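Below is one structure, written out as structure tokens; comments come after it.
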Amino acid sequence: MITVGFSTRKDNQEFIDYVTKTCGVNKIQVIQKINNGEKSLSETYNEIINESINDIVVLCHDDIKFNTGGWSYKIKNHFETHTLKGEFVICVAGKPSK
């Protein structure tokens, strides 16, 4: 269904658990890439895309929060509603909360 990938400087099991818990589905692929500046973010994201087993890939930072439980259904529905064909990537960005 959906792959979520992120680059981080150290293992972040807490974020993996958070994504898994809030997505709303039992099967989601989460790819964590530990990168301490050896590669650019683009290179790291390309690795995630190449390792993904799903058609929908969400690339994000490991400090975001999803405001909606079951958010994976909204993403999937968006693609189905707009009858997008082919492969697409969603990048999630935002500003830190105060």
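The values are calculated or read from the model by the stated rules, or taken from the named source; none is laboratory data. Note that the structure is predicted; figures quoted are calculated from it, not measured. Quick note on the areas: whole protein, heavy atoms, side chains included, nothing else; ligands and nucleic acids left out. Shrake-Rupley method; radii C 1.70, N 1.55, O 1.52, S 1.80 Å.
A few notes on this one:
- To the nearest 10, the accessible area of Lys65 is 140 Å² with a 1.4 Å probe.
- Counting protein heavy atoms only, segment 1-55 has 45 percent of its accessible area on carbon and sulfur, 1.4 angstrom probe.
- Applying a threshold of 19 Å to the alpha-carbon distances of Lys21/Lys65; Lys33/Lys76; Lys33/Lys74 flags Lys33/Lys76; Lys33/Lys74 as lying beyond it.
- Segment 1-85 - Kirkwood radius from inverse mean 1/r over Cα pairs (Å): 13.4
- Segment 6-22 - phi-based ³J(HN,Hα) in whole Hz, Karplus 6.51/-1.76/1.60, Gly and Pro as x: 8, 9, 8, 7, 8, 3, 10, 4, 4, 6, 4, 4, 4, 4, 4, 6, 8
- Amide H contacts of Ile31 (H built 1.01 Å from N, under 5 Å, at least 5 apart or other chain): Val4, Gly5, Phe6
- Accessible area expressed per residue, segment 1-84, with surrounding protein chains retained (probe 1.4 Å, Å²): 61
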